[in-house]
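Report on one structure; see the data block that follows.
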Amino acid sequence: MRKDIERVLFTEAQIAERVREMGARIGQDYAGKELLLVSVLKGSVVFLSDLMREIPLPVKIDFMAVSSYGKGHTTSGTVNILKDVGQSVEGKDVLIVEDILDSGVTLRYIMDLMEARNPASLRLCVLLDKPERRVVPVECHYTGFTAPDAFIVGYGLDYAERYRNLPYIGALYPFVYN
Ligand code: PRP
């Protein structure tokens, strides 16, 4: 164990098993359709890359990037698009793929934006949910794990852009970020 990781929340094996289950479930739900997976940079890229290989359907992928609204001010709700998807989503079955649902500010904004573009269907898939942190309601159709209100890193999630490449999900010791 690294000296900066207080505890492992989800092991590499646990994540792999859950992602397999999620991919199979998505495959059943969208049987006969072609899915457009939209990943919100950067944290979700690890999850996306594993999840897309577990979905037994034709899938396309695209990416968005949004500005951080400042995590200390989660009620401000100001989210700006830095990079938009490179195609029209109108009439498509769109699944937004995210690493973590926290206050809900980012995903509320993205879901509203996408809905206004008239996709055939729109759902949300997150690996981690922190329900106790929610400030604005967001409906999530596929959730990997419920996470505690700790500073979580690994499997795409960062602290100051580090730790994204840890193969597991862990909680940082407070001394690292205080
Ligand atoms: C994370 C995550 C979501 C957002 C969720 O991104 O990927 O986009 O925070 O938080 P919210 O529910 O409070 O809006 P982050 O800003 O850490 O950027 P990153 O993906 O580039 O690490």
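All of the numbers you see were taken from the coordinates with simple rules; none came from a lab. Note that the structure is predicted; figures quoted are calculated from it, not measured. Note: ideal-geometry Cβ built from the backbone for every residue, glycine included; neighbour counts use all protein chains shown.
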Q) Which ones in segment 114-126 are in contact (Cβ under 8 Å) with a residue 12 or more places away in the chain and more than 24 Å from residue 32 (Cα to Cα)? A) none
Q) When you scan segment 105-136, how many residues do you find that are more than 10 Å from the ligand (Cβ to nearest atom), assigned to a helix (DSSP H, G or I) and surrounded by fewer than 18 Cβ atoms within 10 Å (Cβ to Cβ)? A) 5
Q: Specify the residue that is nearest to the ligand (Cβ to nearest atom); the eligible residues are those in segment 38-68 that are assigned to a loop (DSSP other than H, G, I, E, B) and without any contact (Cβ under 8 Å) to a residue 24 or more places away in the chain.
A: 68
Q: With the condition kept exactly as written, say whether any residue in segment 84-96 is crowded, with 19+ Cβ neighbours inside 10 Å and either of a type in the set (Ser, Thr, Tyr) or within 13 Å of the chain's Cα centre (by Cα) (or both).
A: yes
Q. Across segment 142-161, what is the number of residues that are among the hydroxyl-bearing types (Ser, Thr, Tyr) and without any contact (Cβ under 8 Å) to a residue 60 or more places away in the chain?
A. 3
Q) Of the residues that make up segment 19-27, is at least one within 16 Å of the ligand (Cβ to nearest atom) and closer than 17 Å to residue 127 by Cβ? A) no
Q) Within segment 1-49, how many residues turn out to be of a type in the set (D, E, K, R) and over 17 Å from residue 152 (Cβ atoms)? A) 8
Q. Do any residues in segment 10-25 that are over 16 Å from residue 146 (Cβ atoms) have Cβ atoms under 6 Å from those of residues that are assigned to a helix (DSSP H, G or I), where the two are at least six apart or on different chains, and which pairs are they?
A. 23/51
